[in-house]
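Dropping a structure here in C-alpha cells format, bear with me for questions.
Values in this text are rule-based calculations from the coordinates and carry no lab data. All of these numbers come straight from a predicted model, not from anything done at the bench. Backbone-built Cβ (ideal geometry, glycine too); neighbour counts: all protein chains shown.
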C-alpha cells in the first residue's frame with residue numbers, strides 16, 4: 001500500500017480511495033438490503049405460509065383420527081347412532097376438507113403427492129362409513145365389516161399421509177425459522193470493513209492535507225455506523241423473536257401435536273377393542289403404549305412450554321389420568337365378562353364419564369396447541385415488524401453514504417486541477 | 001382459402017394438445033378399491049400335516065347323568081369354571097345367524113350363541129354367566145391350547161388333524177362346503193372358477209378345499225367370512241366358498257347374492273375344547289344330548305336357520321368312549 005500510494009499521483013490516489021469507499025458502501029448497502037429483504041420474506045412466510053401450513057396439517061390429522069374414533073363409538077351405541085356422535089363425525093369430515101384446502105394452497109411436489117392420496121381416499125373412506133351405517137341400521141353384521149375396512153383405510157393409508165404432511169410442514173417452518181434467526185455475518189463484516197476503510201481514508205487525508213476533519217468522510221462514517229448498527233440491531237431483534245417463536249412455539253407445537261396424536265390413537269384403540277370384542281389383547285396393549293407416550297409427551301411439553309402455558313398442560317395431564325382411571329374401570333368390567341356394562345361405560349354421555357374425560361383432554365391439548373401456534377406466528381410477526389422501514393432507510397443511507405464520500409473527496413481532488 | 005384455414009385449425013389443435021398435456025393428467029387417475037384388513041391374495045395354503053386315520057365325528061361319551069347346575073363334581077374343570085363365575089367362550093361375532101351383534105342391544109345372538117349359553121346354563125343354572133370372546137378362524141386352536149377360553153363354538157370342522165391338537169364335542173351342526181356368487185354371474189360350480197378368485201377364511205378347511213379343486217381357482221384368505229362378502233360386493237373376488245350354513249348367513253345380508261354349487265365336502269361342526277379337559281368334553285356332550293332331546297336344538301334352529309329350510313333332525317352323536 002505505501003508503495004502504491006507513493007507511485008500514484010495524489011489526485012489519482014484520491015480517486016482510487018473514493019471509488020473503493022463507494023464500492024464498499026454500495027456492497028454494504030446492497031448486502032444489508034438483500035438480507036433484510038430475505039429475512040422479512042422469511043418472517044412473512046412463517047406468519048403467512050409455513051405457520052398456517054403446520055396448523056392446517058395438525059387440524060387435518062386431528063379431524064381424521066377423531067372421525068375414525070367417533071365412527072367406532074357410534075357403532076358401539078345401541079340402535080341408531082346418537083345424533084351428537086353423528087354430528088361430531090360430520091364436523092370432523094368438514095374440518096378435514098377445510099384443512100386440505102389450506103394445505104393444497106402452498107404445497108410443494110412431495111406434499112402434492114400426499115394430498116393426492118388424501119383427496120382420493122377420503123371420499124372412499126366416508127363411502128365405507130356410510131355403507132357400514134346403512135347395514136347397521138338393517139341390523140346385520142356386514143356393517144361392522146365395512147366399518148373395520150374403513151378404519152383400516154384410515155389408519156393404514158390416510159393418517160400416515162396426514163402425519164407426513166405435518167412433518168413436512170414443521171420441517172419447512174423450522175427451516176424458515178433457522179434461516180431467519182442466523183447471525184447476519186456478511187453485514188457485520190462488510191460494515192466493519194467500511195467503517196475501518198473510512199477511518200483509514202480520513203487518517204490518510206489528514207496527513208496529506210493538514211485538515212483534521214473531512215466533513216464528507218465524517219458524515220459517511222456516521223452513515224456507515226448507522227447502517228451497521230441499525231441493521232445489526234433490527235436483524236438481531238428479528239432473529240431473537242423468531243428464535244423465541246421456534247423454542248417456545250414450534251418445539252412445543254411438535255410435542256403437543258404428537259401428544260394429541262397419541263391421545264387420539266389411544267381413544268381409537270379403546271373403541272376398536274370393544275368393537276372387536278377382543279378382550280385385553282393386542283389392541284389394549286396398543287392403548288397402553290399410546291397412553292404412556294401421551295404422559296411422557298405432556299411431561300416434555302410442560303418443560304418446554306413457557307410458564308404461561310403450563311396451566312393448560314397441567315389440566316391436560318389431569319384429564320389424561322382421569323381418563324386412564326375410567327378406562328381401567330371399563331376394562332375391568334369387560335375382563336370380568338360384563339361386556340355390555342363396559343360398552344355402557346365407554347359410551348356414557350354424562351360430564352364425569354369416560355368420553356367427557358377424553359373430550360376435555362382433547363380440548364386442553366388443543367387449547368395449548370393453539371397458544372403455541374399463535375406464539376409462532378406472533379413472534380415471527382414481531383420479528384418482521386422489527387425490520388419495518390429498514391429497507392427504505394438502507395436505500396437512503398446507501399445513497400447518503402455514497403454522496404458523502406464523493407462530496408468529501410471532490411474539493412480535495414479539485415485542488416489539483 | 002380452404003387450405004390455410006385447415007392448417008390454422010390443425011395448428012390450433014396441436015397447440016391446444018401441447019398446453020393441455022402438461023399440468024394435470026386427471027383423465028388417467030384411477031380409484032383404488034379399499035381392502036378389508038389382513039387379506040391374503042393369493043392365500044398361503046398350508047399342506048396338511050400327516051394325521052392318523054380316525055372317525056372325526058367320534059367324541060367322548062358322557063358319564064352317567066348330568067350333574068345338577070351349581071353342583072359340579074369337585075376338582076373337575078366345570079368346578080373351576082363355576083368357581084370363576086362365568087364360562088369363557090370363543091365365538092364369531094361376524095357370522096350372521098350364528099354369532100353376531102344384535103345392534104339393538106349390543107349383545108351377541110345366534111345359533112352358536114344359543115349352544116354356548118346352553119352349556120353355561122348347565123353349569124350355573126343361568127345362561128347369562130358367560131363371557132364371549134370374539135376370535136378369528138385362525139385363532140381358534142391357539143386360544144384353546146393357551147387356555148384363554150374354556151371352549152370354542154365357531155363352526156369349527158372336526159378333522160383328524162385337529163383332533164391331534166384339541167378335542168371336540170359331538171357334532172352340533174352338519175354342513176357342506178358350497179359357493180356364494182353374485183346373482184347373474186353365471187357361475188354355478190367350481191369348474192366355472194378356473195383362474196378366478198375364491199375367498200375363504202385363513203386357517204379354515206375351506207381354503208384347502210378351494211386350493212385342491214382341479215379347475216385351479218385362486219384362493220384368497222381373510223380374517224372373517226364376512227370380509228369375503230365385502231370383497232365379493234367390491235368385485236375383488238368372484239365367489240366365496242365355505243360351509244353352506246355360513247353362506248346362507250351371507251346371502252341373507254345381500255339379496256343380490258346366491259348360494260350355488262354341489263356339496264364339495266363334509267364339514268361336521270363340533271365345540272372345540274382343550275385336550276387336557278376330557279371331563280369338560282364329556283360334560284358338554286351330556287349337555288348336547290339334552291339339547292337334542294328336549295327340543296332346544298330344534299327351537300334354536302327354527303329361530304335362526306329357517307332360511308336353510310325346515311329344521312332337520314339334530315346330528316346323531318357318535319362316540320369313541
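Over the whole of B:101-114, what's the average partner chain Cβ count within 10 Å per residue? Rounded to a whole number, please.
The mean count of partner-chain Cβ atoms within 10 Å per residue comes to 4.
Let me check the size of the range A:2-414 from its C-alpha atoms; what are the radius of gyration and Dmax in Å?
Final numbers for Rg and Dmax: 31.6, 106 Å.
If I model a spin label at residue A:378 and residue B:183 as a point 7 Å from the Cα along the Cα→Cβ vector, what separation in nanometres do I get?
With each label placed 7 Å out from Cα toward Cβ, I get 6.5 nm.
Which of B:29, A:49 comes first, and how do the rest follow, when ranked by fewest Cβ neighbours within 10 Å?
Least to most surrounded, the residues fall as B:29, A:49.
If you take all C-alpha pairs in the range A:12-147, what percent of them are over 26 Å apart?
50
Kirkwood hydrodynamic radius, the range A:42-94, all distinct C-alpha pairs: what's the number in Å?
That comes to 12.6 Å for the range A:42-94.
Could you list B:167, B:256, A:280, B:206 so that the one with the fewest beta carbons within 10 Å of its beta carbon is first and the one with the most is last?
Going from sparsest to densest Cβ surroundings: B:256, A:280, B:167, B:206.
Quick check: the distance between the Cα centres of the range B:217-289 and the range A:397-417, to the nearest angstrom?
The two parts, judged by their Cα centres, are 99 Å apart.
Zone of residue A:178 (label point 7 Å along Cα→Cβ, backbone N under 18 Å): which residues in the range A:49-76?
Inside the label zone: A:50-51, A:54.
With r as the distance between the Cβ atoms of residue A:84 and residue A:318 and R0 = 25 Å, compute the FRET efficiency 1/(1 + (r/R0)^6) and round to 0.05.
With R0 = 25 Å, the Cβ-Cβ based efficiency is 0.55.
Quantify how strongly other chains surround peptide A:269-279 by giving the mean number of their Cβ atoms within 10 Å of each of its Cβ atoms.
Shielding by partners across A:269-279 averages 3.
Within a 10 angstrom radius of each residue's Cβ in B:126-135, how many Cβ atoms of other chains show up on average? Whole number is fine.
3
Return the Rg/Rh ratio of the range A:283-417 with Cα-based radii and a Kirkwood Rh.
On the Cα set of the range A:283-417, Rg over Rh gives 1.54.
At a Förster distance of 22 Å, what's the computed FRET efficiency of residue A:416 paired with residue A:225, Cβ-Cβ distance as r, to 0.05?
It comes out at approximately 0.15.
Moving on to the next point. Please list A:96-103, A:52-59, A:308-315 highest first by mean number of surrounding beta-carbon atoms within 10 Å per residue.
Top to bottom by mean Cβ count within 10 Å: A:52-59, A:96-103, A:308-315.
Which of the peptides B:126-139, A:104-117, A:209-222 is most tightly packed, and how do the rest follow, going by the mean number of other Cβ atoms within 10 Å of each residue?
B:126-139, A:209-222, A:104-117
Follow-up question, since we're still on this one. With only alpha-carbon atoms in the gyration tensor, what are the semi-axes of the equivalent ellipsoid for the range B:33-173, in Å, largest first?
Over the Cα atoms of the range B:33-173, the semi-axes work out to 28, 22, 13 Å.
Post the alpha-carbon centroid distance, the range A:178-250 to the range A:22-57, in whole angstrom.
18
Roughly what would the spin-label model give for residue B:33 and residue A:328, points 7 Å off Cα along C-beta, in nm?
4.8
Restricting to Cα atoms and excluding each atom paired with itself, what does the Kirkwood estimate give for chain B in Å?
One decimal place: 21.8 Å for the Kirkwood radius.
I've got another one for you. Using a simple spin-label model with points 7 Å from Cα along the Cα→Cβ vector, what separation in nm is obtained for residue A:104 and residue B:265?
Result for the modelled spin labels: 4.9 nm.
Can you give me the angle between helix A:142-153 and the longest principal axis of chain A, using Cα atoms only, in degrees from 0 to 90, rounded to the nearest 10?
20
May I ask you to order B:67-76, B:190-199 by the average number of other C-beta atoms within 10 Å around their residues, highest value first?
Highest mean packing first, the order is B:190-199, B:67-76.
Then there's this: For helix A:10-45, what angle does its Cα long axis make with the longest principal axis of chain A, in degrees from 0 to 90 and rounded to 10?
Orientation of helix A:10-45: about 10 degrees from the principal axis.
Helix A:159-181 against the longest principal axis of chain A: what's the angle in degrees, Cα atoms only, rounded to the nearest 10?
Taking the Cα atoms of chain A, the angle to A:159-181 is about 20 degrees.
A further question follows. For a footprinting-style exposure proxy, rank B:321, B:41, A:68, A:12 by other Cβ within 10 Å, fewest first.
Ordered from fewest to most neighbouring Cβ atoms within 10 Å, B:321, B:41, A:68, A:12 come out as B:321, A:12, B:41, A:68.
Quote the FRET efficiency, to the nearest 0.05, computed for residue A:232 versus residue A:27 with a Förster distance R0 of 22 Å and r equal to the Cβ-Cβ distance.
My answer for the efficiency is 0.85.
Take the Cα coordinates of the protein assembly as shown, assign each an equal point scatterer, and use the Debye formula without solvent to give log10 I(q)/I(0) at q = 0.06, 0.10 Å⁻¹.
With one equal scatterer per Cα and no solvent, log10 I(q)/I(0) is -0.55, -1.03.
Could you work out the per residue convex hull volume over the alpha carbons of the range B:177-260, in cubic angstrom?
Spread over its residues, the Cα hull of the range B:177-260 gives 72 Å³ apiece.
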